[in-house]
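Undergrad: Have a look at the structure that comes next, please.
The values are calculated or read from the model by the stated rules, or taken from the named source; none is laboratory data. The structure presented is a predicted model; accordingly, all values stated were derived computationally and were not measured. Cβ placement follows ideal geometry from the backbone for every residue including glycine, while neighbour counts extend to all protein chains displayed. For accessibility, only protein heavy atoms count, side chains too; no ligands or nucleic acids. Shrake-Rupley method; radii C 1.70, N 1.55, O 1.52, S 1.80 Å.
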Amino acid sequence: QVQLVESGGGLVQPGGSLRLSCAASGHTFSSYAMGWFRQAPGKEREFVAAISWSLGITYYTDSVKGRSTISRDNAKNTVYLQMNSLKPEDTAVYYCAAAGRWLAVTPEEYDYWGQGTQVTVSS
């Protein structure tokens, strides 16, 4: 069983920054692709960013490209999502996920999910 615990969410003003963290346990973290998804009220869960289990290959949805950076520290079993220039439309619950493959970008490819952390962008 894999456990994922997100942290770092909160209330931030438009234009601000946040760094989300996701701590993993219960598996060989370095052999899993990791991803971030988000779900706003009344909307479906959407892909945000992903990173491969090796080589650090990353992939982003267009709406966050250039404003966000996904990274991982395999020694700490942790994946991060640095978000800058935040906009009100970034408001959502952000979920961390792990996939037993090299890289994954759709929810169906992910095997394990965290409980989510709320990000609210508002003045």
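Undergrad: Quick check: residue separation of ARG67 and GLN39 times 0.36 nm, minus the Cα distance between them. What number comes out in nm?
TA: Values: separation 28, 0.36 × 28 = 10.08 nm, distance 1.82 nm.
Taking ARG67 through GLN39 to full extension adds about 8.3 nm, to one decimal.
Undergrad: For ILE70, what accessible surface area do you get with a 1.4 Å probe? Give it in Å², rounded to 10.
TA: 10
Undergrad: Same structure again: What does the convex hull of the alpha-carbon atoms of the chain project to on average, in nm²? Spell out each step's value before the answer.
TA: Numbers: hull surface 27.0 nm².
Over all viewing directions, the chain projects a mean Cα-hull area of 6.8 nm².
Undergrad: Heavy atoms only, probe 1.4 Å: what % of the accessible area of the chain goes to carbon and sulfur, would you let me know? It would help to have the intermediate numbers written out before the result.
TA: On the way: 2930 of 6120 Å².
Exposed carbon and sulfur together represent 48 percent of the surface.
Undergrad: For the modelled label position 7 Å from the Cα of GLN13 along Cα-to-Cβ, which residues of the stretch 81-123 have backbone nitrogen atoms closer than 17 Å?
TA: Counting only backbone N, you get 84-89, 120-123.
Undergrad: Let me ask you something else. Roughly how many whole Å is it from the C-alpha centroid of the stretch 89-123 to that of the stretch 1-74?
TA: That distance is 6 Å.
Undergrad: Determine the per residue accessible area of the stretch 1-82 with all protein chains present and a 1.4 angstrom probe, expressed in square angstrom.
TA: Working: 4160 Å² over 82 residues.
Solvent-accessible surface per residue comes out at 51 Å².
Undergrad: Along the Cα-to-Cβ line of GLN3, 7 Å from the Cα, sits a label point; which residues in the stretch 26-59 have backbone N less than 17 Å from it?
TA: The answer is 26-29.
Undergrad: What FRET efficiency would be calculated for the residue pair THR58, SER123, taking the C-beta separation as r and a Förster radius of 30 Å, to the nearest 0.05? Write down the numbers at each step before the final one.
TA: On the way: r = 30 Å, r/R0 = 1.00.
Efficiency at R0 = 30 Å is approximately 0.50.
Undergrad: Nearest 20 debye, what's the magnitude of the dipole of the chain about its Cα centre given +1 on Lys and Arg Cβ and -1 on Asp and Glu Cβ? Before the final figure, lay out the partial values.
TA: Numbers: 10 positive and 10 negative charges, 56 e Å.
Value, rounded to 20: 260 debye.
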